[in-house]
1. In the stretch 51-69, what residues are acidic (Asp, Glu) and either more than 15 Å from Ala107 (Cβ to Cβ) or open to solvent by 60 Å² or more (accessible area, probe 1.4 Å) (or both)?
2. Residue pairs, Cβ under 9 Å, 6 or more apart or interchain, first in the stretch 83-103 and more than 13 Å from Gly71 (Cα to Cα) and in contact (Cβ under 8 Å) with a residue 24 or more places away in the chain, second assigned to a strand (DSSP E or B) and open to solvent by less than 70 Å² (accessible area, probe 1.4 Å). List them.
3. Hey, can you tell me all the residues within the stretch 70-87 that are part of a loop (DSSP other than H, G, I, E, B) and either open to solvent by less than 20 Å² (accessible area, probe 1.4 Å) or of a type in the set (Lys, Arg) (or both)?
4. Working carefully through the options Ile14, Ile52, Ile31, find the one that is part of a helix (DSSP H, G or I), touching a residue at least 60 places away in the same chain (Cβ under 8 Å) and within 14 Å of the chain's Cα centre (by Cα).
5. When the residues of the stretch 88-115 are narrowed to those that are among the hydrophobic types (A, V, I, L, M, F, W, C) and part of a helix (DSSP H, G or I), which ends up most open to solvent (accessible area, probe 1.4 Å)?
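The values are calculated or read from the model by the stated rules, or taken from the named source; none is laboratory data. Here the structure is a predicted model, which means the values were calculated and not measured. Cβ sites come from the backbone with ideal geometry, for glycine too, and all protein chains shown count toward neighbours. Areas reflect the complete protein model, heavy atoms only, side chains present, ligands, DNA and RNA absent. Shrake-Rupley method; radii C 1.70, N 1.55, O 1.52, S 1.80 Å.
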Amino acid sequence: IPAFFGSAESRGIILYIEDNPANLMLMEVAIRRIGQVDIINAHTGEIGLSTIEAQKPDLVLLDINLPAMDGFEVLKRLRMTETGRALPVIGISANAMQHDIDRAMEAGFDAYVAKPFNIVELQNQVRGFLWGGQSADKA
């Protein structure tokens, strides 16, 4: 069962597909600081795909180096669904070389964040996808 954090006043739902509990906790803290955003997590690609169908998030943060089904395969399967065709997906990985970033963008990710990520830059990217770059209180 995916964990759910947030409030009734949410203006956006984010799904983070990540198998590392420490990374999940760090991302939750970063996303909560944005305000008016709920974050759901899934620890496998398979659970992530079913959660997307059930919860219809506004944005997906997707770890590329998942066990069993990696982020590229999750994205490929997601893009074949009605729900996932236009859903913004940010790839997240410790692989920060330019060829890694290029491969992710060519595969269809909407953005790419390298770990360890800069929290402010990540928050700005999330705001951009959810509210066109505006902060939640100005949207």
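1. Glu53, Asp58
2. From residues that are more than 13 Å from Gly71 (Cα to Cα) and in contact (Cβ under 8 Å) with a residue 24 or more places away in the chain, the pairs are Gly84/Val60; Leu87/Leu59; Leu87/Val60; Pro88/Leu59; Pro88/Val60; Pro88/Ala111.
3. Gly84, Arg85, Leu87
4. Matching residue, one of Ile14, Ile52, Ile31: Ile31.
5. Residue satisfying both the conditions and the ranking: Met105.
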